[in-house]
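So the structure is just underneath, and the comments pick up after that.
The values are calculated or read from the model by the stated rules, or taken from the named source; none is laboratory data. Not measured: the values here are computed from a predicted model. Cβ: placed from backbone, ideal geometry, glycine included. Neighbour counts: every protein chain shown.
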Amino acid sequence: MTLVTKLILIAALTLSIIIPFGYYLIGEKNKKRYKRALGTNAFFFFSAFAMASIFMFSGNAHAAETASAAASSATGLGYIAAGLSTGLSCVGGGIAVASAASAALGAISEDASVLGKSLIFVGLAEGVCLYGLIISFMILGQL
């Protein structure tokens, strides 16, 4: 990737943060402002993401990929996989705990004898995070 493409990508990512925030602050104080700011932010994010993908996968026709470059690419993808398995499982577990815990608190406030049963469901939801962490440790063990 040349210096010009790196600078263009950095400028696009910076503008994807600054422009929607400025648009949000300058706009009228109504609900359309939130939708427009969110739409502008999504547009700039996905356009910067598309540019980064094009730059990343375009490759240099003159350079031959060596075995060490392929190995480092595989190692990098392994780290990305480990991070995604932990991150996505924690996001899913957080959503599950939010639902289960709020329902458990509502049930406990009506009848205190359901405390043990409700804690089981909250614990099962938290287990999803631990499973993702175990998978990421297994992936890191293979690198």
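Values as computed for the structure displayed
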item	result
Qualifying residue in the stretch 115-131 (condition: at pLDDT 85 or above, part of a helix (DSSP H, G or I) and closer than 30 Å to L9 by Cβ)	no
Test: residue in the stretch 111-134 that is in contact (Cβ under 8 Å) with a residue 12 or more places away in the chain and in contact with a Phe, Trp or Tyr (Cβ under 8 Å, 6 or more places away or on another chain)	no
Single match in A11, A37, A50 (criterion: within 21 Å of the chain's Cα centre (by Cα) and at pLDDT 75 or above)	A50
Hits in the stretch 55-87 - residues which are at pLDDT below 75, aliphatic (A, V, I, L, M) and in a helix (DSSP H, G or I)	M56, A67, A69, A70, A71
